[in-house]
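Comments concern the structure below.
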């Protein structure tokens, strides 16, 4: 089983001058440390306007910094918000490819829809359209990264003419695609589409095995890839804090992991938020006893198996490995965790826990690929290969186009035509004049 770390950039109130800068710098140090320790992945969220819960609104910038401070760790978008109203698909393709080049081919392309009202409505996304927007954007962005030129697209949620999107990524045809998953249905959908499942939900060992088995059964039986390659993998999230003393680890790690779950509930399920005013940390600390008891029951069930002594972690992680989980993502920074405790925790994990799994991973990965090889070939056969353009239409610069249309002077900035339409309109003295365009 491989391991990753999760960068959420949580910053509970109260805020003081320089806190955000310190948070970012410490997170970069944690990624550098994880790279030196042999941890396989770093995953960086994209969220917007989610105060305290997530200040990671520009993950491509953060990952660009990581790429120059590390050598081996895989750089995961966990996730890119794929709605064209958040990020135009061509801009995603450009940024993913650029990061892949400057990192030496280490990018993992995690994708997602976003789901909170704070984000969707701010960018003008209708909740009922977000899944369809995601699918349209993922499919076309993958093509942009491997077509020369991209043939253009007329879709429901975005359109663009033919262009050659540059640069192209080092990994061919494009970096591995993943999708954020929060329930069984989304895990099965990821398998059907031939992409990895990033299950950002706390689950226990029994449920993990159920999800993994369903994922691979679906991959084997019904895979029609959405991208130009397949990536059969299941990654799961766990709370994390490691200390030689089990009780010390629980004391240090419990609040942070519970704050992560509390923030999810606040922004996605039952919270009322006043931008710039709500103090989420205070609400968390003042939550009723009934809520604390419920969260304590949930802690014992799932998601907290990574909080404890090395012996405790080895036992719990081995069970997840046996359940078939391909990658375990450590929620190493959340709530009010101290940077010093995070680093000590990672170092102890790398010394006493990680070697137990590294020794088995190469053999396990080889057996997995051997088992999946015929199904991967079958899935590859279902990939719709886009046809190359035979006759690529030229695109004249504006002055040449205007000249061909018989327009001697540059059109007014009041011209309302999208490019060149049949009419042009100009506002003069409050009266609208229409003039037929020269043929």
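Values for this structure:
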quantity: Odd one out for residue 57 among (1) within 13 Å of the chain's Cα centre (by Cα); (2) within 21 Å of residue 255 (Cα to Cα); (3) free of Cβ contacts under 8 Å to residues at least 12 places away in the same chain; calculated: (2)
quantity: Test for residue 194: is it assigned to a loop (DSSP other than H, G, I, E, B), assigned by TED's automatic domain parsing to the domain that holds residue 266, modelled with pLDDT under 95 and closer than 28 Å to residue 236 by Cα; calculated: no
quantity: Residue 376 vs. criteria outside any helix (DSSP H, G or I), in contact (Cβ under 8 Å) with a residue 40 or more places away in the chain and closer than 30 Å to residue 191 by Cβ; calculated: no
quantity: Criterion (crowded, with 22+ Cβ neighbours inside 10 Å, in contact (Cβ under 8 Å) with a residue 40 or more places away in the chain and in a loop (DSSP other than H, G, I, E, B)) met by exactly one of 219, 202, 260; calculated: 202
quantity: Test result for residue 134, in contact (Cβ under 8 Å) with a residue 40 or more places away in the chain and part of a strand (DSSP E or B); calculated: no
quantity: Conditions (1) in contact (Cβ under 8 Å) with a residue 12 or more places away in the chain; (2) surrounded by fewer than 17 Cβ atoms within 10 Å (Cβ to Cβ); (3) within 19 Å of residue 226 (Cα to Cα); number of the one not met by residue 154; calculated: (1)
quantity: Options 28, 50, 11, 33: the member that is surrounded by fewer than 21 Cβ atoms within 10 Å (Cβ to Cβ), touching a helix residue (DSSP H, G or I) at 6+ places or on another chain (Cβ under 9 Å), assigned to a loop (DSSP other than H, G, I, E, B) and assigned by TED's automatic domain parsing to the domain that holds residue 232; calculated: 11
quantity: Any hit, the stretch 116-133, residues being under 16 Å from residue 59 (Cα atoms) and touching a strand residue (DSSP E or B) at 6+ places or on another chain (Cβ under 7 Å); calculated: no
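The values are calculated or read from the model by the stated rules, or taken from the named source; none is laboratory data. From a predicted model like this one, the values you see are computed outputs, not experimental measurements. Here the Cβ is made from the backbone with ideal geometry for all residues, glycine too, and neighbour counts use every protein chain on show.
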